[in-house]
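Undergrad: Quick one: the structure is below, and I'll ask about it shortly.
Readers should treat all values here as calculations from the given coordinates under stated rules, not as data from a laboratory. Just so it is clear, the structure is predicted and the values come from calculations on it, not from any experiment. Note: ideal-geometry Cβ built from the backbone for every residue, glycine included; neighbour counts use all protein chains shown.
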Amino acid sequence: GTPESDTVCQRCPEGFFSNETSSKAACLKHTNCSALGFKVALKGNAVRDNICQENTDTDLSQKCGIDVTLCEEAMFKFAVPTHLTPNWLNILADSLPGTKVSPENIERIKQRHGSQEQTFQLLKLWKQQNKEQDVVKKIIQGIDLCEGNVLKHIGHPNLTFEHLNTLMASLPGKKVGKEDIERTMRLCQPAEQVLKLLNLWRIKNGDQDIIKGLTYGLKHLKTYHFPKRTIQSLKKVVKFLHRFTMYRLYQKLFLEVIGNHVKSLKVRCV
């Protein structure tokens, strides 16, 4: 503009915006939400940028990130002998085929976890290191089959934040916080939300047994206004994981791997 005439404004072209009043400010390109791993919550225009938000529609299960599944825990816990010898972990590590778990990692497992948990953590690490081994592929397939049954038992629960908060409050030990529950609801599909929160509870409580924690919680949920159908579904999950079916799956897939080193097995029954 000049002393005699006002500034003449020009609209920003498609894909650009400007919310500045300065005559010298250039139009800025709209933010590419997808390039940042987000989706467009509100499309921008000539005076406003795109507003991005977390993309909860695509590949939810991957973003949900369940570190330890109920099936993996149930299956690997069968490998823990009734009576542990001092050198049990090293014997087991030596007997596993494929890439060996390093002595440094074995020592780290011993330092970070209790005796009953050490076997589970060793097998979990060994499984991760040997995903391309045929026998490990069979174990993963067995766990996947089990997880499918667990999700079938859980069904499609329509649980609110209050329901999930109540469920977490019913578990013993340290509680899963409200922020974790809210985040889980954003990132996980409804059927996976309970599983993810149980996983978070496990981590928060020093690798406690999820199934034992859930069994404890279900006894106390009756005193709350919690959906009966969901309680029944979770009871079915616990029963399924304690069944002899899980022990047979362990025998079929796992004893082939570790041979005669596991002689003392404890079948857990409800």
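Undergrad: Counting only helical runs of four or more DSSP H residues, what would the 222 nm mean residue ellipticity of the chain come to if each run contributes -39,500 (n - 2.57) and the total is spread over all its residues?
TA: Counting only the DSSP helices, I get -16500 deg cm²/dmol.
Undergrad: Going by the alpha-carbon gyration tensor, a ≥ b ≥ c the square roots of its eigenvalues, is region 94-170 rounded (a/c under 1.5) or, if a/c is not under 1.5, prolate (a/b greater than b/c) versus oblate?
TA: oblate
Undergrad: While we're looking at this one, here's another question. Which of the listed residues, TRP201, LEU159, PRO172, is farthest toward the dipole's positive end in the chain, when Lys, Arg count +1 and Asp, Glu count -1 at the beta-carbon?
TA: PRO172
Undergrad: Taking the Cα centre as origin and putting +1 on Lys and Arg beta-carbons and -1 on Asp and Glu beta-carbons, what dipole magnitude results for region 77-121, to the nearest 20 debye?
TA: Roughly 100 debye for region 77-121.
Undergrad: Please report, in debye to the nearest 20, how large the charge dipole of region 1-150 is about its Cα centre when each Lys and Arg carries +1 at its beta carbon and each Asp and Glu carries -1 there.
TA: With Lys and Arg at +1 and Asp and Glu at -1, about 240 debye.
Undergrad: In debye, nearest 20, what is the charge dipole magnitude of the chain about its Cα centre with +1 on Lys and Arg Cβ and -1 on Asp and Glu Cβ, if you could check?
TA: Computed about the Cα centre, the dipole is about 1480 debye.
Undergrad: Let me ask something additional. May I ask for the net charge around TRP201, where only other residues with Cβ less than 9 Å from the Cβ of TRP201 are counted and Lys, Arg are +1 while Asp, Glu are -1?
TA: Values: positive: LYS174, LYS175, ARG202, LYS204; negative: none.
Residues near TRP201 contribute +4 overall.
Undergrad: Continuing with this model, one more query. On a 0 to 90 degree scale, rounded to 10, what angle separates helix 134-154 from the longest Cα axis of the chain?
TA: Once rounded, one gets 70 degrees.
Undergrad: Subtracting the Cα-Cα distance from 0.36 nm times the residue separation, let me have the gained length for GLU107 to ARG48 in nm, one decimal.
TA: Stretched fully, the GLU107-ARG48 segment lengthens by 15.7 nm.
Undergrad: Now for a separate question. Cut-off 10 angstrom, C-alpha nodes, Gaussian network model of the chain. Which of THR215, THR119, THR85 fluctuates the most?
TA: Looking only at THR215, THR119, THR85, the largest GNM fluctuation is found for THR85.
Undergrad: Residue farthest toward the positive end of the dipole of the chain, with Cβ of Lys/Arg at +1 and Asp/Glu at -1: which of PHE17, ILE109, GLY44?
TA: ILE109
Undergrad: Here is a further query. Tell me, what are the semi-axes, in whole angstrom and largest first, of the equivalent ellipsoid of the chain as set by the roots of 5 times the Cα gyration tensor eigenvalues?
TA: The answer is 50, 24, 16 Å, longest axis first.
Undergrad: Return the single residue from LEU214, LEU145, LEU198 with maximal mean-square fluctuation; model: Gaussian network over the chain, springs between Cα atoms under 10 Å.
TA: With Cα springs under 10 Å in the chain, the top fluctuation among LEU214, LEU145, LEU198 is at LEU145.
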